[in-house]
């Protein structure tokens, strides 16, 4: 496995999710803005000041059919496999 990689130098830049995104981006933005490639904060996903966030009702990692069925309030379908 070899020796561990050296940690990048901290730039002391706090990253936050961009406006209208949710907390799922918090860790990504916090790390990328502070330690990322030349301190790059992608403006489509991150900001350097707190922004108003949304609260998702369905995990963005759920399959699209589950997300659609949840939005249609057919929650019992969410328990079945997506066909």
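The values are calculated or read from the model by the stated rules, or taken from the named source; none is laboratory data. Values in this document were obtained by computation on a predicted structure and should not be read as measured data. For neighbour counting, all protein chains shown are included, and Cβ atoms are generated from backbone atoms with ideal geometry for every residue, glycine included.
For residue 26, all conditions in the list (1) part of a loop (DSSP other than H, G, I, E, B); (2) touching a strand residue (DSSP E or B) at 6+ places or on another chain (Cβ under 9 Å); (3) at pLDDT 90 or above hold save one; what is the number of the exception?
(1)
Test residue 33 against the criterion of being assigned to a helix (DSSP H, G or I) and either surrounded by 14 or more Cβ atoms within 10 Å (Cβ to Cβ) or at pLDDT below 65 (or both), and give yes or no.
Numbers: assigned to a helix (DSSP H, G or I): yes; either surrounded by 14 or more Cβ atoms within 10 Å (Cβ to Cβ) or at pLDDT below 65 (or both): yes.
Spelling it out, residue 33 is indeed assigned to a helix (DSSP H, G or I) and either surrounded by 14 or more Cβ atoms within 10 Å (Cβ to Cβ) or at pLDDT below 65 (or both).
Is it the case that the range 11-18 has a residue that's closer than 22 Å to residue 57 by Cβ, out of contact with any helix residue (DSSP H, G or I) (no Cβ under 9 Å at 6 or more places or on another chain) and modelled with pLDDT of 90 or more? Give the steps one after another, and end with the answer.
Of all residues in the range 11-18, those closer than 22 Å to residue 57 by Cβ come to 16-18.
From what is left, the residues that are out of contact with any helix residue (DSSP H, G or I) (no Cβ under 9 Å at 6 or more places or on another chain) are none.
No, there is no match, as no residue in the range 11-18 is closer than 22 Å to residue 57 by Cβ, out of contact with any helix residue (DSSP H, G or I) (no Cβ under 9 Å at 6 or more places or on another chain) and modelled with pLDDT of 90 or more.
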